[in-house]
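The values are calculated or read from the model by the stated rules, or taken from the named source; none is laboratory data. Treat the numbers as computed from the prediction; the structure is a model and nothing was measured. Because the Cβ atoms are built from the backbone with ideal geometry, glycine has one as well, and the counts that use them run over all protein chains shown. All accessible areas refer to the heavy atoms of the entire protein, side chains included, with ligands and DNA or RNA removed. Shrake-Rupley method; radii C 1.70, N 1.55, O 1.52, S 1.80 Å.
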Amino acid sequence: MTIIVNEKTKEFHLQTSGSSYLFTVLENGQLGHLYYGKKVNHKDSFQHLLTNGNRPNTAYVKEGDMSFSLEQTKQEYPAYGTTDFREPALHIEQVDGSRISDFRYKSHRVTSGKPKLDGLPATYAEDGDEVETLEITLYDDYLDAELTLLYSVFEAHDAIARSARLSNHGKANLNVSRIMSANVDLFDSDYEMIQLSGAWARERHVKNRRLESGLQSISSTRGTSSGHQNPFLALKRPMATEFTGDVYGFSLVYSGNFLAQVEVDYLDVARVSIGIHPFDFNWMLEPGDSFQSPEAVMVYSGEGLNGMSQRFHELYQTRLARGGWRDQARPILTNNWEGTYFDFDEEKILDMARQSKELGVELFVLDDGWFGKRNDDTTSLGDWYVNYDKLPDGITGLADKITDLGMDFGLWFEPEMVSKASRLYEEHPDWILHVPDRSLSHGRNQYVLDFSRGEVVDALYEMMSNILREADISYVKWDMNRYMTEIGSPAWPADRQKEIVHRYILGVYDLYERLTSEFPEVLFESCASGGCRFDPGMLYYAPQAWTSDDTDAVERLKIQYGTSFVYPVSSMGAHVSAVPNHQVGRVTSLETRANTAYFGAFGYELDVTSMAEEEKAEMKAQIEFYKQHRDLFQFGTFYRLESPFEKDGNRTTWMMVSKDQSRAVLADYHVLDRPNQGFTRLQFKGLDPDAAYEIEGYEGLYNGDELMEIGLQLGHERFRERDIHEPAGDFHSRLFILNKKP
Ligand code: DGJ
């Protein structure tokens, strides 16, 4: 039993294997939060944790009574307007101008399994018993509205998935201007807040700050989750490390505008909330309608940041990602983008495919430029018809030729966009997000299609599904290359304009749902100018995402390290590209480029036909190596060891251990080589302490406990390989492959 209810005190104790989450019904009928953290034994009552009292300068709920104030109460899902002055989870503007709400406990039920969230991505239960769901119903009699809070407890994953649903049973419209997915009032504020921040080509860099009194937040108002901030934050105790100490992770399963914030009040309570960004949001809830918030996933780890990430990885890999590809080895691909950009024809593509096949590549992906008149980024988005000048036998013909080579074929789309120079725009100039009579901004010469309109989503579905039905396509790269501006849709009335961004995302989810259901055998990879929409919402439909347009091996260390805070390695598209690198001009060895890309859904993104013979031989060996260890790289347990964001950032190490601990691979990357360095050792993690391991290229056996506690001294390894005075050069890296001795 993971949900224990004390029917008398109306206390709810949600237990995962390592955490407890406790809340109760307060004396005014609202919900109060009691505790979230390391698992505690159940007892009948934790009511003593509610410590209200007479304090100066406080507002109290009941006339003549100085014993109960919401500002002194840790709340479960705070509403605006009475005695709490912090930012609420819910804010409803009413026709009479009031913004006060007062939702009181009405009923609850516990069920096994997990209900689906209508039209939204969410974690799911595969076998009914692995998840229990608590549904709490609260009611505001004055509004005649019902608030349902859903808590699904993933016991084995130490995770709780939460959301809120508001239903209007009254006679008047309700304007919902804020409805957060989760709120947690933590006892104190002695935490550091970790966020994944960046921009195009440097997504998800790890940033850390000490919580301070007041508000601290990250958010996106760009129309997508964005590469600037990821819909995630973690709170860690200052003493917590990668492997020890308390860490809480909050992740939002959503791809649109979001807000994740912590408000520290005068009592040092840290209020964490995460959900759709209330800025520029309003949902007009008509009588009889309901609004379902996206899902937030909360993870508690007593084993530091790695513990948090491993819980997210396991949950998102197995209970968020769906479909046949979820558990299948992901194909090694060649993508032509950095190899040709727009400049290709069928002969060139077939040449690249043939030579890739010879090296062992399994999937060839044709990127941007195959449709309409698209020879640069100024035209043709929206015209998903093949360009016969480039591909005389069409996509179907090309797909046949590539599959005849014994490879799979994949295709790029950017369904959410349109170029003004396109048939689609000529026919439907009103199908873009815009505000009539206002000038229109563009990004990369393109405009955002109005996915809040059903007919637009239908049209894209028609075009894409026709191609997927006709041609032998096993992979789709779904790109999205600009943020939203002039957000407006003439298809909706004035009082619904603030719904457009959310409706847009629902449209994107709808198209994904239709395509993934009709073509379950197709592997979808999401992409947004690289990793600018790398979020859990996307992972529900597409089990992998293009991590970043920055393919430089050194830049990728930071990007992949940061991404791994939440997202599994199998979800990170990672390609070896040409040097000098196209984003930063750096020259790294083919070995280091592959050593970085192995920790992801591996592939090449270069013109293989222009590679030297010895490079091709090396690539062939890399592909063989990856195939041999693919299940380990894609489905092992990932450990971050040394951070590129700490010390001077010169060194990164991380490793993968197979689930049965029989195999492991550790990667050690150095940015700049340095003379006469101090001793360094590699301390492995996750091995079987009682087993003996062979390390490829090393003599003898090493015990698991020895490798984890004492480690492998690197000076010793370097002596063996070459003279200690011989420089290794900049950007060098090395893999250590471990096999358990039978
Ligand atoms: C941005 C993507 O991130 C790239 O990989 C590539 O697909 C281009 N768009 C194509 O326009």
Exercise. What is the distance in Å between the Cα centres of region 114-160 and region 27-98?
Worked result: 22
Exercise. Which pairs break 29 Å Cα to Cα here: Lys39/Lys74; Lys114/Lys207; Lys236/Lys741; Lys38/Lys685?
Worked result: Lys114/Lys207; Lys236/Lys741
For this session: With θ set to phi - 60°, apply the Karplus curve 6.51 cos²θ - 1.76 cosθ + 1.60 along region 194-199 and write out the HN-Hα couplings as whole Hz, x wherever there is a Gly or Pro.
Result: 10, 9, 10, 10, x, 5
Exercise. Setting aside same-chain residues fewer than 8 positions from Lys348, which lysines have a Cα under 25 Å from its Cα?
Worked result: Lys357, Lys373, Lys390, Lys401, Lys477, Lys616, Lys620
For this session: Just check region 205-284 against the gyration tensor rule for me: Cα atoms, a ≥ b ≥ c as the square roots of the eigenvalues, rounded for a/c under 1.5, and otherwise prolate or oblate depending on whether a/b exceeds b/c.
Result: oblate
Exercise. How large is the accessible surface per residue of region 3-319, computed with a 1.4 Å probe and reported in Å² as a whole number?
Worked result: 36
Exercise. Ranked from the most accessible area to the least, with a 1.4 Å probe and all protein chains present, what is the order of His108, His169?
Worked result: His169, His108
Exercise. If the viscosity is 0.890 mPa s and the temperature 25 °C, what Stokes-Einstein diffusion coefficient in µm²/s follows for the chain when Rh is the Kirkwood radius over Cα pairs?
Worked result: 90
Exercise. What part of the accessible area of the chain, given as a whole %, is carbon or sulfur when the probe is 1.4 angstrom?
Worked result: 47
For this session: For region 642-740, report the accessible area per residue in Å² (1.4 Å probe, heavy atoms, rounded to an integer).
Result: 51
Exercise. Is the shape of region 1-73 best called rounded, prolate or oblate, per the rule: a/c under 1.5 gives rounded, else a/b larger than b/c gives prolate, else oblate, with a ≥ b ≥ c the square roots of the Cα gyration tensor eigenvalues?
Worked result: prolate
Seminar exercise, completed: Arg178 neighbourhood, Cβ < 13 Å, K/R = +1, D/E = -1, net charge 0
Problem set entry | Cα pair distances of region 3-319 binned at 10 Å [whole percent] | 6, 27, 37, 24, 6, 0
Exercise. From the residues Tyr248, Gly53, Phe85, which one has its Cα farthest along the dipole of the chain in the positive direction, the dipole being from +1 and -1 charges on Cβ of Lys/Arg and Asp/Glu about the Cα centre?
Worked result: Gly53
For this session: Please pull out the direction-averaged projected area of region 642-740, using the convex hull of its alpha-carbon atoms, in nm² to one decimal place.
Result: 6.3
Seminar exercise, completed: Summing +1 per Lys or Arg and -1 per Asp or Glu among the other residues with Cβ less than 9 Å from Gln583's Cβ gives -3
For this session: Grab the Cα-Cα distance for Ala617 and Lys741, subtract it from 0.36 nm times how many residues apart they are, and report the gain in nm with one decimal.
Result: 41.6 nm
Exercise. How large is ³J(HN,Hα) for each residue in region 70-84, as worked out from phi by the Karplus curve 6.51 cos²θ - 1.76 cosθ + 1.60 (θ = phi - 60°), to whole Hz, x for Gly and Pro?
Worked result: 5, 5, 9, 10, 6, 10, 8, 8, x, 10, 8, x, 10, 10, 10
For this session: Using 0.36 nm per residue of separation minus the Cα-Cα distance, give me the extension gain between Thr111 and Ala491 in nm, one decimal.
Result: 132.8 nm
Problem set entry | J(HN,Hα) series, region 575-585, from Karplus relation 6.51 cos²θ - 1.76 cosθ + 1.60, nearest Hz, glycine and proline x | 10, 7, 10, 7, 10, x, 4, 6, 9, 10, x
Seminar exercise, completed: For the chain, longest principal axis from Cα atoms; helix 454-470 axis from its Cα atoms; angle between them, nearest 10 degrees, is 30
For this session: Just reorder Lys620, Lys114 by solvent-accessible area, largest first, 1.4 Å probe, all chains present.
Result: Lys620, Lys114
Exercise. How many angstrom lie between the C-alpha centres of region 669-683 and region 334-397?
Worked result: 43
For this session: Would you work out the charge dipole size for the chain about its Cα centre, treating the Cβ of every Lys and Arg as +1 and the Cβ of every Asp and Glu as -1, and quote it to the nearest 20 debye?
Result: 1460
Exercise. What order do Trp431, Trp337 take when sorted by accessible area (1.4 Å probe), most exposed first?
Worked result: Trp337, Trp431
Exercise. Any idea what the dipole of region 642-740 comes to, in debye rounded to 20, about its Cα centre with Lys/Arg Cβ at +1 and Asp/Glu Cβ at -1?
Worked result: 180
For this session: Could you please state, rounded to a whole Å, how far the C-alpha centre of region 181-210 is from the C-alpha centre of region 415-440?
Result: 37
Problem set entry | Residues whose placed amide H lies under 5 Å from that of Tyr385, excluding near-sequence neighbours | Gly372
